[in-house]
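Comments concern the structure below.
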Amino acid sequence: MTDSRPEQKKISYTAQETPDTVGLGRTAGQRTAEIFAGLRAEMMPSPETAALSRLSGRVIARLLMRLGKQELFNFVPIRLGGFKGLIEQALPPGAPAGTVIVEVGSGFSPRGLQLARAMPNAEVIEIDLPDVVEEKQARLQKIREQALPPNLSWYGADLGMTPLKEVLGGKRADIIAAEGLLPYFTFEEITKIARGMRESLKPGGVFVADLGYISTEGAQQASDVVRLFRRQTRTSPGSVQSEAMALKLFEDAGYEDVKLYRMPQVAEMFDLPRPAPDVLFFMVAR
């Protein structure tokens with residue numbers, strides 16, 4: 001006797017529908033994207049950050065900012081600018097024609113738009129869940145000051161279920177960036193994801209990612225904010241307790257050259273807001 005029930009579609013953790021109490025989105029990934037869009041709109045007001053956020057995200061952002069010290073929230077512009085700086089640093093000057101930059105889990109970040117405008121010869125591809133991509137494209141249409149650059153494109157996909165190399169159709173990238181993606185996953189999954197990214201890099205290509213850093217001081221400072229944040233996003237424990245642990249995750253994935261930058265160091269390197277909370281590692285794996 002055969003089972004005639006329709007087969008349930010498999011989806012990854014970030015794409016699973018979970019209770020949404022404040023109208024941020026049906027999935028953990030959507031809610032995370034909305035909160036960070038709200039924080040960017042509040043802290044870095046511009047036509048892009050305004051268009052890419054919505055009221056519910058900005059309200060939660062204001063609530064979070066009232067709970068914690070301003071120093072803690074400097075991680076928002078530092079992470080956005082730090083990734084941009086590390087991406088540009090890893091490319092030849094001017095990013096010559098044929099350069100491919102892939103932003104994985106791009107959410108409602110304006111960085112892909114910024115990179116595409118700054119590097120007109122490069123191809124910039126953003127990838128996120130189909131619902132997020134569709135919503136982002138709709139929001140960007142509200143920016144009337146400038147047309148969207150022709151070298152920016154979007155792919156909607158659940159990378160937890162579909163390998164990146166399949167989504168890209170075999171195209172290889174010079175840079176793959178994944179801001180805020182890896183902390184959702186276990187250490188074993190992080191190494192597996194990093195290995196999958198490596199398969200879609202050109203020879204000498206670079207994977208830029210971040211990992212949460214658990215330190216006694218940082219955890220205490222962020223405790224109230226993190227509790228409220230996790231209530232909405234159900235963030236998984238993908239944070240490390242040491243530099244050695246972070247480096248090993250990428251070395252186990254087969255990268256030959258792995259560099260780690262702490263958040264205060266990145267803030268200094270790219271002249272970003274300070275003081276900088278020491279709650280994040282930036283990883284540059286070649």
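The values are calculated or read from the model by the stated rules, or taken from the named source; none is laboratory data. If you're wondering where the values come from, they're calculated on a predicted model, not measured in any experiment. When we count neighbours, we look across all protein chains shown, and the Cβ atoms used for this are built from the backbone with ideal geometry, even at glycine. Surface areas here come from the heavy atoms of the whole protein model, side chains and all, with no ligands, DNA or RNA. Shrake-Rupley method; radii C 1.70, N 1.55, O 1.52, S 1.80 Å.
Observations, loosely collected:
- Residue ID - most open to solvent (accessible area, probe 1.4 Å), chosen from residues in region 158-172 that are farther than 21 Å from residue 252 by Cβ and in contact (Cβ under 8 Å) with a residue 60 or more places away in the chain: 172
- For region 53-60, the condition of being aliphatic (A, V, I, L, M) and open to solvent by less than 10 Å² (accessible area, probe 1.4 Å) holds for none of the residues.
- Single residue of 87, 101 found to be within 21 Å of residue 283 (Cβ to Cβ) and in contact with an Asp or Glu (Cβ under 7 Å, 6 or more places away or on another chain): 101
- Number of positions in region 54-110 that are at pLDDT 90 or above, part of a helix (DSSP H, G or I) and either of a type in the set (Asp, Glu) or in contact with a Cys (Cβ under 7 Å, 6 or more places away or on another chain) (or both): 1
- Residues being of a type outside the set (Asp, Glu) and outside any helix (DSSP H, G or I) - total across region 242-257: 4
- Counting the residues of region 143-199 that are more than 17 Å from the chain's Cα centre (by Cα), of a type in the set (Val, Ile, Thr), modelled with pLDDT of 90 or more and not in a helix (DSSP H, G or I) gives 0.
- Considering (1) within 25 Å of residue 56 (Cα to Cα); (2) touching a helix residue (DSSP H, G or I) at 6+ places or on another chain (Cβ under 6 Å), the lone condition that residue 177 does not fulfil carries the number (1).
- Members of region 124-142 found to be among the charged types (D, E, K, R), part of a strand (DSSP E or B) and touching a residue at least 40 places away in the same chain (Cβ under 8 Å), listed by number: 128
- The residues on offer are 208, 225, 279, 266, and the sole one that is modelled with pLDDT under 95 and open to solvent by less than 20 Å² (accessible area, probe 1.4 Å) is 225.
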